[in-house]
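The numbers here are math on the coordinates, done by the rules we state, and not lab data. Computed from a predicted structure; not experimentally measured.
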């Protein structure tokens with residue numbers, strides 16, 4: 001059984017939450033399935049809107065899935081969350097990614 005399969009078995013159980021959804025998203029990213037990854041990262045930030053790493057990975061997955069506006073929206077939200085939490089490094093990273101996306105037009 002793969003790591004992804006093991007994680008998927010935990011969905012809707014007592015351990016389900018933002019971190020599980022984030023971990024599943026990371027496994028989808030590794031497998032190259034950006035759309036499935038974006039779905040799981042979105043579920044993670046719905047469960048925990050203050051999860052800055054979730055916003056960062058949602059933006060990354062959307063950018064790699066050729067959804068630049070949605071990625072910018074995720075990064076913008078993530079930057080606000082990270083700054084409010086004092087997560088300066090995550091905010092900096094998302095600002096760089098957002099700037100790259102905005103300048104790629």
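Here are some notes:
- Crossing angle, helix 88-103 versus the chain [Cα axis fit, 0-90 degrees, rounded to tens]: 70
- All distinct Cα pairs of the chain go into the 1/r average, and the inverse of that average, the Kirkwood radius, is 13.7 Å.
- Net length available on complete extension from residue 66 to residue 92 is 7.1 nm, with 0.36 nm assigned per residue and the Cα-Cα distance removed.
- A straight chain from residue 48 to residue 83 at 0.36 nm per residue would run longer than the Cα-Cα distance by 11.0 nm.
- Relative contact order (%) - criterion: Cα under 8 Å, at least six apart; region: the chain: 19
- Value at 222 nm in deg cm²/dmol, rounded to 500, when DSSP H runs of n ≥ 4 in the chain each add -39,500 (n - 2.57): -24500 deg cm²/dmol
- Rounded to the nearest 10 degrees, the angle from helix 52-64 to the longest Cα principal axis of the chain is 80 degrees.
- Angle of helix 18-31 to the longest C-alpha principal axis of the chain, folded into 0 to 90 degrees and rounded to 10: 80°.
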